[in-house]
Amino acid sequence: MNPVTQHRLIQDIFFSLQTSHSMKEMVSILSGYGITNESVNDYTQTEIKKLLATASDKVLLLIADDLKIDTSNYVIQEKTRGKTVTKPKEKFLKKVFVSHSSKDKDVVTSFVQILEVIGISPENIFCTSLEGYGTGLGNNFIEEIEARLDEDVLVFFMLSDNFYQSPMCLIEMGAAWAKTKSQISVAITPFELGKIEGVFKHFQGIQIDNDLHYDMLKETLEAKFGLEPKRPLVWSPKRNIFLNMIKQQLGS
């Protein structure tokens, strides 16, 4: 992309972002695309455009696409050099098991919807209290749980006082601990991560209503499941919708 064309694209991106974001928010959004500069401490129009100018043509076009900017007039000429290197195929997780108390059903439902926004397919999510995600009619509950737990599964333990008071949750906990290698604890407020005892203390964990924890969760799941990363302008609005629902459910 020649300098004149790049300048026009940067102008389009800046004015599109400016319509609904503050300067500080724009810097945060750009960091999600890998565009950062620690020396930027004055959030001005000039500094934002300088940041955009450091990005590659490919990244600028990604941002423009997320902003629904017509990019048909912007062309990148790609050059290929050398031989194609074949990387060994990585082994990714395939399924999610959400262990929870039925008394926490509402907030768990919103959490599962965030997992889908990140990119986990509904058919790969097993969550016993949610219709369409649990055990089929006539199936043995405990046998099906054990059958679904293997090394391809990531287990979410939705921890609360209700969880620890549920015999079924404790059965699921024991089965998951014995048969799976990947677990993440999710503390349901007012229960806190600091209250976790026993084996759960050693699992990575998040607080269910902590905004920043969901960005870390997204990156973790993208790596563990080999998901196509959702770009910030696509991910953030959807995350906020369900996160706000969670906060409302916790407050009611």
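Determine, from the Cβ-Cβ distance of E131 and F15 and an R0 of 35 Å, the FRET efficiency 1/(1 + (r/R0)^6), rounded to the nearest 0.05. According to the calculation, E is roughly 0.20. Only protein heavy atoms count here; on that basis, with a 1.4 Å probe, S102 has an accessible area of about 90 Å².
Put E25, E228 in order of accessible area, highest first, and with a 1.4 Å probe you get E228, E25.
In this label model, Q113 and E25 are separated by 2.1 nm, measuring between points 7 Å along each Cα→Cβ vector.
Considering only Cα-Cα distances, which of the following residue pairs are longer than 27 Å: K179/K238; K179/K224; K58/K247; K195/K238; K103/K230; K50/K238?
Details: K179/K238 33 Å; K179/K224 17 Å; K58/K247 37 Å; K195/K238 30 Å; K103/K230 31 Å; K50/K238 29 Å.
K179/K238; K58/K247; K195/K238; K103/K230; K50/K238, as the Cα separations exceed 27 Å there.
For I171 and F92, a Förster radius of 41 Å and the Cβ-Cβ distance give a FRET efficiency of 0.90, rounded to the nearest 0.05.
Please compute the modelled spin-label separation between K195 and V4, points set 7 Å along Cα→Cβ, answer in nm with one decimal. With each label placed 7 Å out from Cα toward Cβ, I get 6.5 nm. Multiplying the residue separation of L67 and K238 by 0.36 nm and subtracting their alpha-carbon distance yields 60.1 nm. With θ taken as phi - 60° and the Karplus curve 6.51 cos²θ - 1.76 cosθ + 1.60 applied, the whole-hertz 3J(HN,Hα) list for segment 26-38 is 5, 4, 5, 4, 5, 5, x, 9, x, 9, 9, 7, 5 Hz, x standing for glycine and proline. Taking amide H atoms as placed 1.01 Å from N in the peptide plane, the amide H of F156 lies under 5 Å from those of F97, V98, S99, I184, each 5 or more residues away in sequence or on another chain. The label point for Q248 and the one for K179, both projected 7 Å from the Cα toward the Cβ, are 3.7 nm apart.
The values are calculated or read from the model by the stated rules, or taken from the named source; none is laboratory data. Computed from a prediction, not measured in an experiment: that's the story for all the values here. Note: ideal-geometry Cβ built from the backbone for every residue, glycine included; neighbour counts use all protein chains shown. Each accessible area value is taken on the protein alone, full model and side chains, heavy atoms only, with ligands, DNA and RNA left out. Shrake-Rupley method; radii C 1.70, N 1.55, O 1.52, S 1.80 Å.
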